[in-house]
Amino acid sequence: MTKIVNHWIGGKTVEGASGSHGPVTNPATGEVTTKVAFASAEEVDAAVAAAKEAFVTWGQSSLAQRTSVLFAFRALLDSHRDELAELITAEHGKVHSDALGEVARGLEIVDLACGINVQLKGELSTQVASRVDVASIRQPLGVVAGITPFNFPAMVPMWMFPLAIACGNTFVLKPSEKDPSVSLKLAELLAEAGLPDGVFNVVQGDKVAVDRLLEHPDVKAVSFVGSTPIARHIHTTASANGKRVQALGGAKNHMLVLPDADLDAAADAAVSAAYGSAGERCMAISAVVAVGAIGDTLVEKIRERAEKIKIGPGTDPASEMGPLITKAHRDKVASYVTGAAAEGAEVVLDGTGHTVEGHEDGHWIGISLLDKVPTTAKAYQDEIFGPVLCVLRAETYEEGVALINASPFGNGTAIFTRDGGAARRFQLEIEAGMVGVNVPIPVPVGYHSFGGWKDSLFGDHHIYGNDGTRFYTRGKVVTTRWPDPADAPTGVDLGFPRNH
(Lines give C-alpha, C1' and ligand atoms only; values in the text may rest on other atoms or scores of the structure.)
Protein backbone atom coordinates (compact mmCIF):
# COMPACT_ATOMS: atom_id res chain seq x y z
CA MET A 1 0.00 0.00 0.00
CA THR A 2 1.41 3.38 -1.01
CA LYS A 3 2.18 5.72 1.85
CA ILE A 4 0.08 8.93 1.88
CA VAL A 5 1.38 12.21 3.29
CA ASN A 6 -1.58 14.01 4.90
CA HIS A 7 -2.27 17.32 6.62
CA TRP A 8 -1.54 18.47 10.19
CA ILE A 9 -4.41 20.47 11.63
CA GLY A 10 -5.17 21.32 15.25
CA GLY A 11 -2.27 19.31 16.64
CA LYS A 12 -2.84 16.02 14.82
CA THR A 13 -2.61 14.29 11.46
CA VAL A 14 -5.76 14.75 9.38
CA GLU A 15 -6.37 12.52 6.39
CA GLY A 16 -7.02 14.27 3.11
CA ALA A 17 -10.71 14.33 2.22
CA SER A 18 -10.63 15.93 -1.23
CA GLY A 19 -9.82 12.71 -3.06
CA SER A 20 -7.08 14.51 -4.98
CA HIS A 21 -3.47 13.36 -4.64
CA GLY A 22 -0.08 13.96 -6.23
CA PRO A 23 2.94 11.67 -6.64
CA VAL A 24 6.11 11.99 -4.58
CA THR A 25 9.14 10.57 -6.36
CA ASN A 26 12.57 9.42 -5.27
CA PRO A 27 14.65 11.47 -7.73
CA ALA A 28 17.54 9.01 -7.62
CA THR A 29 15.41 6.10 -8.88
CA GLY A 30 12.47 7.75 -10.60
CA GLU A 31 10.17 5.60 -8.46
CA VAL A 32 6.95 7.00 -7.03
CA THR A 33 7.33 6.21 -3.33
CA THR A 34 4.54 8.23 -1.77
CA LYS A 35 1.31 10.07 -2.51
CA VAL A 36 0.51 13.44 -1.03
CA ALA A 37 -3.03 14.58 -0.30
CA PHE A 38 -4.08 17.82 -1.99
CA ALA A 39 -6.20 20.03 0.23
CA SER A 40 -9.53 21.45 -0.88
CA ALA A 41 -10.49 25.01 -0.02
CA GLU A 42 -12.60 23.60 2.82
CA GLU A 43 -9.59 21.80 4.30
CA VAL A 44 -7.58 25.00 4.14
CA ASP A 45 -10.45 26.73 5.93
CA ALA A 46 -10.28 24.09 8.67
CA ALA A 47 -6.57 24.72 9.18
CA VAL A 48 -7.06 28.48 9.31
CA ALA A 49 -9.94 28.05 11.75
CA ALA A 50 -7.74 25.93 14.02
CA ALA A 51 -5.02 28.58 13.87
CA LYS A 52 -7.49 31.38 14.57
CA GLU A 53 -8.85 29.58 17.61
CA ALA A 54 -5.35 28.90 18.92
CA PHE A 55 -4.36 32.55 18.50
CA VAL A 56 -6.87 33.58 21.16
CA THR A 57 -4.59 32.12 23.84
CA TRP A 58 -1.21 31.89 22.07
CA GLY A 59 -1.31 35.57 21.12
CA GLN A 60 -1.70 36.41 24.82
CA SER A 61 0.87 33.91 26.06
CA SER A 62 4.00 35.09 27.84
CA LEU A 63 7.34 35.39 26.10
CA ALA A 64 8.68 32.88 28.60
CA GLN A 65 6.09 30.29 27.52
CA ARG A 66 6.80 30.80 23.83
CA THR A 67 10.57 30.65 24.14
CA SER A 68 10.46 27.59 26.42
CA VAL A 69 8.65 25.72 23.65
CA LEU A 70 11.19 26.92 21.10
CA PHE A 71 14.14 25.86 23.26
CA ALA A 72 12.61 22.39 23.54
CA PHE A 73 11.98 22.34 19.78
CA ARG A 74 15.58 23.30 19.13
CA ALA A 75 16.84 20.40 21.24
CA LEU A 76 14.57 17.98 19.37
CA LEU A 77 15.72 19.33 16.00
CA ASP A 78 19.30 18.85 17.05
CA SER A 79 18.71 15.22 18.07
CA HIS A 80 16.75 14.44 14.88
CA ARG A 81 19.16 16.01 12.36
CA ASP A 82 19.97 12.73 10.63
CA GLU A 83 16.33 11.66 10.40
CA LEU A 84 15.33 14.98 8.85
CA ALA A 85 18.27 14.81 6.44
CA GLU A 86 17.26 11.30 5.36
CA LEU A 87 13.73 12.51 4.58
CA ILE A 88 15.15 15.38 2.53
CA THR A 89 17.42 13.04 0.57
CA ALA A 90 14.63 10.54 -0.08
CA GLU A 91 12.26 13.10 -1.61
CA HIS A 92 14.51 15.91 -2.83
CA GLY A 93 17.58 13.88 -3.81
CA LYS A 94 20.34 16.06 -2.35
CA VAL A 95 23.31 14.32 -0.74
CA HIS A 96 23.18 13.65 3.00
CA SER A 97 25.84 16.21 3.95
CA ASP A 98 23.99 18.89 2.00
CA ALA A 99 20.72 17.94 3.71
CA LEU A 100 22.41 18.17 7.11
CA GLY A 101 23.66 21.64 6.19
CA GLU A 102 20.12 22.67 5.35
CA VAL A 103 18.89 21.59 8.78
CA ALA A 104 21.77 23.47 10.43
CA ARG A 105 20.87 26.71 8.64
CA GLY A 106 17.25 26.32 9.74
CA LEU A 107 18.44 25.86 13.30
CA GLU A 108 20.05 29.31 13.12
CA ILE A 109 16.60 30.90 12.85
CA VAL A 110 15.29 28.78 15.71
CA ASP A 111 18.21 30.12 17.75
CA LEU A 112 17.13 33.65 16.84
CA ALA A 113 13.53 32.89 17.80
CA CYS A 114 14.65 31.53 21.18
CA GLY A 115 16.06 35.00 21.92
CA ILE A 116 13.06 36.90 20.56
CA ASN A 117 12.66 38.73 23.90
CA VAL A 118 15.28 41.29 22.87
CA GLN A 119 13.72 41.82 19.43
CA LEU A 120 10.29 42.50 20.92
CA LYS A 121 11.40 45.15 23.40
CA GLY A 122 9.42 48.34 23.01
CA GLU A 123 10.38 51.96 23.56
CA LEU A 124 9.31 54.48 26.19
CA SER A 125 9.56 58.26 26.31
CA THR A 126 8.62 59.78 29.63
CA GLN A 127 7.40 63.27 30.40
CA VAL A 128 6.84 64.31 26.76
CA ALA A 129 4.36 66.73 28.31
CA SER A 130 3.28 67.26 31.86
CA ARG A 131 2.73 63.73 33.26
CA VAL A 132 2.43 62.34 29.68
CA ASP A 133 4.39 59.26 28.56
CA VAL A 134 4.56 57.67 25.09
CA ALA A 135 5.32 53.99 24.56
CA SER A 136 5.84 52.01 21.37
CA ILE A 137 5.02 48.29 21.46
CA ARG A 138 4.85 45.47 18.92
CA GLN A 139 2.03 42.94 18.80
CA PRO A 140 1.38 39.78 16.74
CA LEU A 141 -0.76 39.84 13.62
CA GLY A 142 -2.86 36.70 14.09
CA VAL A 143 -2.93 33.83 11.60
CA VAL A 144 -0.02 33.95 9.13
CA ALA A 145 0.83 31.59 6.27
CA GLY A 146 3.98 30.29 4.65
CA ILE A 147 4.24 28.89 1.10
CA THR A 148 7.58 27.18 0.58
CA PRO A 149 9.57 25.65 -2.34
CA PHE A 150 10.90 22.16 -2.98
CA ASN A 151 14.61 22.98 -2.86
CA PHE A 152 14.88 23.48 0.91
CA PRO A 153 11.93 21.63 2.50
CA ALA A 154 13.28 22.06 6.04
CA MET A 155 15.28 25.29 5.96
CA VAL A 156 12.85 27.65 4.22
CA PRO A 157 9.86 26.79 6.46
CA MET A 158 12.22 27.39 9.40
CA TRP A 159 13.02 30.81 7.97
CA MET A 160 9.36 31.59 8.70
CA PHE A 161 7.47 29.75 11.41
CA PRO A 162 9.91 29.95 14.38
CA LEU A 163 9.89 33.76 14.31
CA ALA A 164 6.18 33.92 13.53
CA ILE A 165 5.16 31.80 16.51
CA ALA A 166 7.79 33.38 18.78
CA CYS A 167 6.13 36.74 18.05
CA GLY A 168 2.77 35.28 19.15
CA ASN A 169 1.21 34.43 15.78
CA THR A 170 -0.23 31.10 14.69
CA PHE A 171 0.94 29.52 11.45
CA VAL A 172 -0.36 27.61 8.43
CA LEU A 173 2.33 26.06 6.23
CA LYS A 174 1.75 25.00 2.62
CA PRO A 175 4.94 23.14 1.67
CA SER A 176 5.97 21.97 -1.76
CA GLU A 177 4.01 18.95 -2.94
CA LYS A 178 7.23 17.48 -4.38
CA ASP A 179 8.87 16.75 -0.99
CA PRO A 180 6.20 17.14 1.72
CA SER A 181 7.22 14.65 4.41
CA VAL A 182 9.66 16.94 6.24
CA SER A 183 6.84 19.37 7.04
CA LEU A 184 4.95 16.72 9.00
CA LYS A 185 8.08 15.71 10.89
CA LEU A 186 8.59 19.34 11.92
CA ALA A 187 4.96 19.47 13.07
CA GLU A 188 5.45 16.33 15.18
CA LEU A 189 8.59 17.77 16.80
CA LEU A 190 6.80 21.02 17.60
CA ALA A 191 3.98 19.09 19.25
CA GLU A 192 6.51 17.04 21.23
CA ALA A 193 8.14 20.30 22.33
CA GLY A 194 4.85 21.37 23.89
CA LEU A 195 3.46 23.74 21.25
CA PRO A 196 -0.31 24.05 21.85
CA ASP A 197 -2.65 22.48 19.30
CA GLY A 198 -3.47 24.74 16.36
CA VAL A 199 -0.49 27.07 16.66
CA PHE A 200 1.26 25.27 13.78
CA ASN A 201 -0.67 23.62 10.95
CA VAL A 202 0.27 22.04 7.62
CA VAL A 203 -1.94 21.82 4.54
CA GLN A 204 -0.51 19.84 1.66
CA GLY A 205 -1.62 20.74 -1.82
CA ASP A 206 -1.33 22.64 -5.05
CA LYS A 207 -2.73 25.86 -6.49
CA VAL A 208 -6.15 25.29 -4.89
CA ALA A 209 -4.62 25.45 -1.41
CA VAL A 210 -2.39 28.40 -2.29
CA ASP A 211 -5.20 30.48 -3.76
CA ARG A 212 -7.43 29.87 -0.76
CA LEU A 213 -4.70 31.05 1.62
CA LEU A 214 -4.17 34.17 -0.48
CA GLU A 215 -7.84 35.14 -0.32
CA HIS A 216 -8.81 33.88 3.15
CA PRO A 217 -9.99 36.83 5.27
CA ASP A 218 -8.50 35.41 8.48
CA VAL A 219 -4.96 35.12 7.08
CA LYS A 220 -3.19 38.35 7.94
CA ALA A 221 0.20 37.83 6.25
CA VAL A 222 1.81 35.56 3.68
CA SER A 223 5.47 34.60 3.32
CA PHE A 224 6.62 33.00 0.07
CA VAL A 225 9.85 31.73 -1.49
CA GLY A 226 9.90 30.52 -5.10
CA SER A 227 10.14 31.64 -8.71
CA THR A 228 9.69 35.26 -9.80
CA PRO A 229 6.44 34.79 -11.77
CA ILE A 230 4.75 33.09 -8.82
CA ALA A 231 6.22 35.56 -6.33
CA ARG A 232 4.73 38.40 -8.35
CA HIS A 233 1.35 36.63 -8.39
CA ILE A 234 1.50 35.94 -4.65
CA HIS A 235 2.32 39.58 -3.91
CA THR A 236 -0.34 41.00 -6.20
CA THR A 237 -3.11 38.65 -5.09
CA ALA A 238 -2.44 38.66 -1.36
CA SER A 239 -1.95 42.44 -1.28
CA ALA A 240 -5.23 42.92 -3.13
CA ASN A 241 -6.84 40.92 -0.32
CA GLY A 242 -5.40 43.25 2.32
CA LYS A 243 -2.56 41.05 3.51
CA ARG A 244 1.00 41.84 4.43
CA VAL A 245 3.32 40.02 1.98
CA GLN A 246 6.97 39.06 1.69
CA ALA A 247 7.49 37.17 -1.58
CA LEU A 248 11.02 36.15 -2.48
CA GLY A 249 11.47 35.37 -6.17
CA GLY A 250 14.09 33.99 -8.53
CA ALA A 251 17.67 34.93 -9.22
CA LYS A 252 20.54 35.02 -11.66
CA ASN A 253 23.47 35.51 -9.33
CA HIS A 254 26.73 36.82 -10.80
CA MET A 255 30.30 36.45 -9.60
CA LEU A 256 32.66 39.15 -10.84
CA VAL A 257 36.29 37.96 -11.03
CA LEU A 258 38.88 40.72 -11.37
CA PRO A 259 42.32 40.16 -12.93
CA ASP A 260 44.08 40.37 -9.54
CA ALA A 261 41.94 37.64 -7.92
CA ASP A 262 43.33 34.35 -6.63
CA LEU A 263 42.08 32.30 -9.59
CA ASP A 264 42.36 28.97 -7.79
CA ALA A 265 40.19 30.28 -4.95
CA ALA A 266 37.78 31.81 -7.46
CA ALA A 267 37.51 28.55 -9.41
CA ASP A 268 36.90 26.57 -6.21
CA ALA A 269 34.20 29.04 -5.22
CA ALA A 270 32.55 29.04 -8.64
CA VAL A 271 32.33 25.24 -8.73
CA SER A 272 30.87 24.92 -5.24
CA ALA A 273 28.45 27.82 -5.73
CA ALA A 274 27.26 26.75 -9.18
CA TYR A 275 26.98 22.99 -8.71
CA GLY A 276 26.26 22.53 -5.00
CA SER A 277 22.73 21.22 -4.39
CA ALA A 278 22.75 20.47 -8.15
CA GLY A 279 22.26 24.20 -8.71
CA GLU A 280 18.74 24.03 -7.25
CA ARG A 281 19.05 27.05 -4.98
CA CYS A 282 18.20 30.69 -5.44
CA MET A 283 21.64 31.74 -4.18
CA ALA A 284 23.57 29.59 -6.65
CA ILE A 285 26.17 31.38 -8.75
CA SER A 286 24.93 30.79 -12.29
CA ALA A 287 26.98 33.46 -14.10
CA VAL A 288 30.68 34.22 -13.76
CA VAL A 289 31.89 37.50 -15.27
CA ALA A 290 35.61 37.26 -16.03
CA VAL A 291 37.31 40.65 -16.36
CA GLY A 292 40.27 41.22 -18.64
CA ALA A 293 42.64 38.52 -19.88
CA ILE A 294 41.97 35.94 -17.15
CA GLY A 295 38.93 34.36 -18.79
CA ASP A 296 40.57 31.41 -20.53
CA THR A 297 42.64 30.49 -17.48
CA LEU A 298 39.67 30.75 -15.15
CA VAL A 299 37.42 28.63 -17.39
CA GLU A 300 40.08 25.91 -17.59
CA LYS A 301 40.46 25.86 -13.81
CA ILE A 302 36.68 25.58 -13.39
CA ARG A 303 36.53 22.79 -15.97
CA GLU A 304 39.28 20.79 -14.24
CA ARG A 305 37.44 20.92 -10.94
CA ALA A 306 33.94 20.36 -12.32
CA GLU A 307 34.95 17.18 -14.13
CA LYS A 308 35.94 15.58 -10.82
CA ILE A 309 32.56 16.01 -9.11
CA LYS A 310 31.10 12.64 -8.12
CA ILE A 311 27.42 12.42 -9.10
CA GLY A 312 25.25 9.76 -7.54
CA PRO A 313 22.45 8.94 -5.10
CA GLY A 314 22.29 11.11 -2.01
CA THR A 315 22.42 7.97 0.12
CA ASP A 316 25.93 7.15 -1.18
CA PRO A 317 28.53 8.86 1.07
CA ALA A 318 30.82 9.22 -1.96
CA SER A 319 28.28 11.33 -3.87
CA GLU A 320 28.92 15.06 -4.05
CA MET A 321 25.89 15.95 -6.21
CA GLY A 322 22.53 14.24 -6.51
CA PRO A 323 19.75 14.19 -9.13
CA LEU A 324 17.28 16.92 -10.02
CA ILE A 325 13.85 16.97 -8.41
CA THR A 326 11.75 15.73 -11.37
CA LYS A 327 12.29 14.36 -14.87
CA ALA A 328 10.45 17.34 -16.36
CA HIS A 329 12.82 19.74 -14.58
CA ARG A 330 15.81 17.66 -15.67
CA ASP A 331 14.70 17.89 -19.29
CA LYS A 332 14.15 21.64 -19.07
CA VAL A 333 17.62 22.21 -17.60
CA ALA A 334 19.14 20.07 -20.37
CA SER A 335 17.41 22.15 -23.03
CA TYR A 336 19.44 25.22 -22.06
CA VAL A 337 22.67 23.32 -22.69
CA THR A 338 21.63 21.67 -25.95
CA GLY A 339 20.49 25.02 -27.33
CA ALA A 340 23.46 27.05 -26.10
CA ALA A 341 25.77 26.69 -29.11
CA ALA A 342 23.09 27.90 -31.51
CA GLU A 343 22.76 31.05 -29.39
CA GLY A 344 26.47 31.81 -29.60
CA ALA A 345 27.89 30.15 -26.47
CA GLU A 346 30.85 27.79 -26.37
CA VAL A 347 29.93 24.48 -24.68
CA VAL A 348 32.97 23.52 -22.57
CA LEU A 349 31.22 20.74 -20.61
CA ASP A 350 27.94 19.09 -21.61
CA GLY A 351 26.37 17.04 -18.81
CA THR A 352 23.07 16.29 -20.49
CA GLY A 353 23.92 12.68 -21.27
CA HIS A 354 24.98 11.72 -17.77
CA THR A 355 23.53 8.57 -16.18
CA VAL A 356 24.29 6.64 -13.00
CA GLU A 357 24.80 2.91 -13.22
CA GLY A 358 22.11 1.00 -11.40
CA HIS A 359 19.88 4.09 -11.22
CA GLU A 360 19.21 4.66 -14.90
CA ASP A 361 15.65 5.89 -14.29
CA GLY A 362 16.75 8.65 -11.91
CA HIS A 363 16.55 12.33 -12.83
CA TRP A 364 20.25 12.63 -13.63
CA ILE A 365 22.13 15.40 -15.31
CA GLY A 366 25.83 16.09 -15.25
CA ILE A 367 27.89 19.23 -14.93
CA SER A 368 27.59 21.77 -17.76
CA LEU A 369 29.88 24.74 -18.34
CA LEU A 370 29.17 27.36 -21.02
CA ASP A 371 31.76 29.98 -21.99
CA LYS A 372 31.55 33.30 -23.84
CA VAL A 373 27.79 33.33 -23.31
CA PRO A 374 26.05 36.32 -24.91
CA THR A 375 23.57 38.20 -22.75
CA THR A 376 20.89 37.45 -25.35
CA ALA A 377 21.09 33.68 -24.77
CA LYS A 378 18.27 32.00 -22.85
CA ALA A 379 20.85 30.19 -20.74
CA TYR A 380 21.90 33.60 -19.43
CA GLN A 381 18.54 35.32 -19.23
CA ASP A 382 16.55 32.60 -17.43
CA GLU A 383 16.92 31.16 -13.96
CA ILE A 384 17.91 27.61 -14.93
CA PHE A 385 17.90 26.13 -11.40
CA GLY A 386 20.29 23.35 -12.34
CA PRO A 387 24.03 22.58 -12.61
CA VAL A 388 24.75 24.91 -15.53
CA LEU A 389 27.35 27.68 -15.17
CA CYS A 390 27.59 30.50 -17.71
CA VAL A 391 30.84 32.43 -18.13
CA LEU A 392 30.69 35.91 -19.63
CA ARG A 393 33.58 38.19 -20.53
CA ALA A 394 34.10 41.87 -19.71
CA GLU A 395 37.05 44.12 -20.51
CA THR A 396 36.85 46.30 -17.40
CA TYR A 397 35.43 46.43 -13.88
CA GLU A 398 32.94 49.08 -15.01
CA GLU A 399 31.74 46.94 -17.90
CA GLY A 400 31.28 43.97 -15.58
CA VAL A 401 29.26 45.97 -13.06
CA ALA A 402 27.08 47.45 -15.81
CA LEU A 403 26.40 43.94 -17.13
CA ILE A 404 25.35 42.69 -13.69
CA ASN A 405 23.21 45.73 -12.94
CA ALA A 406 21.37 45.31 -16.26
CA SER A 407 19.94 41.99 -15.05
CA PRO A 408 16.30 42.12 -13.93
CA PHE A 409 17.28 40.01 -10.91
CA GLY A 410 19.08 41.32 -7.85
CA ASN A 411 19.24 38.53 -5.31
CA GLY A 412 22.89 37.86 -4.54
CA THR A 413 26.25 38.65 -6.13
CA ALA A 414 29.95 38.32 -5.35
CA ILE A 415 33.29 39.83 -6.29
CA PHE A 416 36.64 38.07 -6.16
CA THR A 417 39.61 40.41 -5.86
CA ARG A 418 42.60 41.31 -3.67
CA ASP A 419 41.85 45.03 -4.14
CA GLY A 420 40.03 46.52 -1.15
CA GLY A 421 39.17 49.67 -3.04
CA ALA A 422 37.52 47.73 -5.86
CA ALA A 423 35.61 45.60 -3.36
CA ARG A 424 34.38 48.71 -1.56
CA ARG A 425 33.18 50.25 -4.81
CA PHE A 426 31.45 47.02 -5.77
CA GLN A 427 29.45 46.67 -2.57
CA LEU A 428 28.18 50.24 -2.98
CA GLU A 429 27.58 50.24 -6.74
CA ILE A 430 26.08 46.80 -7.31
CA GLU A 431 22.29 46.50 -7.44
CA ALA A 432 21.63 43.40 -5.36
CA GLY A 433 20.35 42.72 -1.88
CA MET A 434 23.15 40.39 -0.75
CA VAL A 435 26.82 40.91 -1.63
CA GLY A 436 29.82 38.66 -1.08
CA VAL A 437 33.44 39.83 -1.12
CA ASN A 438 35.51 36.71 -1.84
CA VAL A 439 32.45 34.83 -0.54
CA PRO A 440 30.52 33.13 -3.37
CA ILE A 441 27.18 32.53 -1.63
CA PRO A 442 26.54 35.47 0.70
CA VAL A 443 23.55 34.03 2.59
CA PRO A 444 23.32 36.07 5.79
CA VAL A 445 23.50 34.45 9.20
CA GLY A 446 20.19 34.23 11.04
CA TYR A 447 20.40 37.56 12.84
CA HIS A 448 20.80 39.48 9.57
CA SER A 449 17.94 39.46 7.03
CA PHE A 450 17.85 37.59 3.70
CA GLY A 451 16.40 39.23 0.60
CA GLY A 452 17.12 40.59 -2.85
CA TRP A 453 16.30 43.59 -4.98
CA LYS A 454 14.40 44.10 -8.23
CA ASP A 455 12.58 40.98 -9.50
CA SER A 456 14.01 38.90 -6.69
CA LEU A 457 11.77 40.35 -3.97
CA PHE A 458 8.19 41.60 -3.86
CA GLY A 459 7.16 43.35 -0.67
CA ASP A 460 8.88 45.65 1.78
CA HIS A 461 10.38 43.12 4.18
CA HIS A 462 13.28 40.73 3.79
CA ILE A 463 13.01 37.38 5.54
CA TYR A 464 14.25 36.40 9.04
CA GLY A 465 16.59 38.63 11.09
CA ASN A 466 15.22 41.99 12.24
CA ASP A 467 13.01 42.26 9.16
CA GLY A 468 11.40 38.93 10.06
CA THR A 469 10.41 40.22 13.49
CA ARG A 470 9.02 43.43 12.01
CA PHE A 471 7.08 41.47 9.39
CA TYR A 472 5.38 39.21 11.94
CA THR A 473 4.42 42.05 14.29
CA ARG A 474 2.76 45.44 13.98
CA GLY A 475 3.57 48.56 15.92
CA LYS A 476 1.33 50.38 18.30
CA VAL A 477 1.96 53.69 20.05
CA VAL A 478 0.34 54.34 23.44
CA THR A 479 0.17 57.84 24.94
CA THR A 480 -0.80 58.01 28.61
CA ARG A 481 -1.44 60.67 31.23
CA TRP A 482 -2.09 59.81 34.85
CA PRO A 483 -3.33 62.50 37.21
CA ASP A 484 -1.28 63.24 40.25
CA PRO A 485 -3.31 62.11 43.29
CA ALA A 486 -2.63 65.47 44.89
CA ASP A 487 -4.27 67.39 42.08
CA ALA A 488 -7.92 68.27 42.14
CA PRO A 489 -9.98 67.64 39.00
CA THR A 490 -9.61 70.50 36.54
CA GLY A 491 -12.40 69.73 34.10
CA VAL A 492 -12.32 68.42 30.56
CA ASP A 493 -9.70 69.58 28.06
CA LEU A 494 -10.39 68.45 24.48
CA GLY A 495 -7.16 69.89 23.04
CA PHE A 496 -3.83 68.20 22.36
CA PRO A 497 -1.54 67.86 25.38
CA ARG A 498 0.56 71.00 25.78
CA ASN A 499 4.26 70.30 25.33
CA HIS A 500 5.41 73.58 26.89
Taking the Cβ of Pro442 as the centre, find all other residues whose Cβ is under 14 Å away and add up their charges (Lys, Arg: +1; Asp, Glu: -1). +2
Charge dipole magnitude, Cβ of K and R +1, D and E -1 - the chain, Cα centre, debye nearest 20: 1380
Using r as the Cβ-Cβ distance of Arg474 and Asp260, and R0 as 35 Å, what FRET efficiency do you calculate, to the nearest 0.05? 0.10
If you split all Cα-Cα distances of the range 248-371 into 5 Å bins from zero, what percentages do you get per bin, shortest first? 2, 10, 19, 23, 21, 14, 7, 3, 1, 0
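Counting only protein heavy atoms and using a 1.4 Å probe, what share of the accessible area of the range 1-149 belongs to carbon plus sulfur, as a whole percent?
Details: 3530 of 6640 Å².
The computed percentage sits at 53.
After finding the eigenvalues of the alpha carbon gyration tensor for the range 267-328, what semi-axes result from the square roots of 5 times each, listed largest first in whole Å?
Numbers: eigenvalues 123, 39, 14 Å².
Value: 25, 14, 8 Å, ordered largest first.
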Of Leu107, Gln119, Ala154, whose Cα points farthest to the positive end of the dipole of the range 93-158 (charges on the beta-carbon: +1 Lys, Arg; -1 Asp, Glu; origin at the Cα centre)? Gln119
How compact and how long is the range 178-328, expressed as Rg and Dmax of its alpha-carbon atoms in Å? 21.0, 62
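With +1 on each Lys and Arg Cβ and -1 on each Asp and Glu Cβ, how big is the dipole of the range 155-205 about its Cα centre, in debye rounded to the nearest 20? Could you put the intermediate results ahead of the total?
Numbers: 3 positive and 5 negative charges, 29 e Å.
Here the size comes out at about 140 debye.
Ranked highest first by average number of other Cβ atoms within 10 Å, how do 201-212, 315-326, 330-341, 53-64 line up? Mind dumping the intermediate values first?
Numbers: 201-212: 22.5, 315-326: 19.8, 330-341: 17.9, 53-64: 15.2.
Highest mean packing first, the order is 201-212, 315-326, 330-341, 53-64.
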Cα-Cα over 21 Å: which of Lys220/Lys454; Lys178/Lys220; Lys178/Lys308; Lys94/Lys308? Lys220/Lys454; Lys178/Lys220; Lys178/Lys308
Cα-only Rg/Rh for the range 123-212 with Kirkwood Rh rounds to 1.20
Determine, for each peptide in 287-295, 358-366, 425-433, the mean count of other beta carbons within 10 angstrom over its residues, then list the peptides with the highest first. 287-295, 358-366, 425-433
For Gly10, what residues show an amide H to amide H distance below 5 Å, using hydrogens built from the backbone and excluding near sequence neighbours? Gly198
Calculated log₁₀ intensity ratio I(q)/I(0) where the Debye formula runs over C-alpha points of the range 369-464, q = 0.24 Å⁻¹: -1.47
Provide, as a two-decimal number, the C-alpha radius of gyration of the range 66-202 over 2.2 N^0.38 Å, N being how many residues it has. 1.23
With every atom except the alpha carbons ignored, what do you get for Rg and Dmax of the chain, in angstroms? 25.0, 92
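Rounded, prolate or oblate: which fits the range 417-459 when a ≥ b ≥ c are the square roots of the eigenvalues of the alpha-carbon gyration tensor, with rounded for a/c under 1.5 and prolate only if a/b beats b/c?
In terms of gyration-tensor shape, oblate.
Using helices alone, what [θ] at 222 nm do you get for the chain, with -39,500 (n - 2.57) per DSSP H run of 4 or more residues, divided over all residues and rounded to the nearest 500? Let's see the in-between values first.
Details: 16 runs with 183 residues, N = 500.
Value at 222 nm, helices only, nearest 500: -11000 deg cm²/dmol.
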In order over the range 318-325: 3J(HN,Hα) from phi, Karplus 6.51/-1.76/1.60, θ = phi - 60°, whole Hz, x for each Gly or Pro, gives 7, 6, 9, 9, x, x, 8, 5
With a ≥ b ≥ c taken as the square roots of the eigenvalues of the C-alpha gyration tensor of the range 12-101, please select rounded if a/c is under 1.5 and otherwise prolate if a/b is larger than b/c or oblate if it is not? oblate
Here, Lys378 and Leu76, labelled 7 Å along Cα→Cβ, have an inter-label distance in nm of 4.6
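Taking only Cα atoms of the range 303-462, what ratio of Rg to Rh do you get with Rh as the Kirkwood inverse-distance radius?
Working: Rg = 17.6 Å, Rh = 17.7 Å.
Over the Cα atoms of the range 303-462, Rg/Rh equals 1.00.
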Accessible surface of Trp453 in the full protein assembly, 1.4 angstrom probe, to the nearest 10 Å²? 120
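What ranking do 113-119, 390-396 get when scored by the average of other Cβ atoms within 10 Å per residue, highest first? Don't jump to the answer; show the numbers that get you there.
Working: 113-119: 17.4, 390-396: 19.6.
Highest-to-lowest ranking by the protection proxy: 390-396, 113-119.
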Apply the Karplus curve 6.51 cos²θ - 1.76 cosθ + 1.60, θ = phi - 60°, to the phi angles in the range 268-280 and return the couplings in whole Hz, x for Gly and Pro. 4, 5, 4, 5, 5, 6, 8, 10, x, 6, 6, x, 8
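What is the calculated FRET efficiency for Glu15 to Asp487, with r their C-beta to C-beta distance and R₀ = 56 Å, to the nearest 0.05?
Details: r = 66 Å, r/R0 = 1.18.
FRET efficiency, Glu15 to Asp487: 0.25.
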Val289 long-range amide H proximity, modeled H, under 5 Å: Met255, Leu256, Val257, Leu392
Could you tell me what percent of the accessible area of the range 327-486 is made up of carbon and sulfur, with a 1.4 Å probe and every protein chain present? 51
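Whole number in Å², please: accessible area per residue of the chain, 1.4 Å probe, ligands, DNA and RNA not counted.
Result: 42 Å² of accessible area for each residue.
The values are calculated or read from the model by the stated rules, or taken from the named source; none is laboratory data. Every value quoted in this text rests on a predicted model; they were computed, and no experiment measured them. Counting neighbours? That spans all protein chains shown, and the Cβs are built from the backbone with ideal geometry, glycine included. Just so you know, the surface numbers come from the protein's heavy atoms only, side chains and all, with ligands and any DNA or RNA stripped out. Shrake-Rupley method; radii C 1.70, N 1.55, O 1.52, S 1.80 Å.
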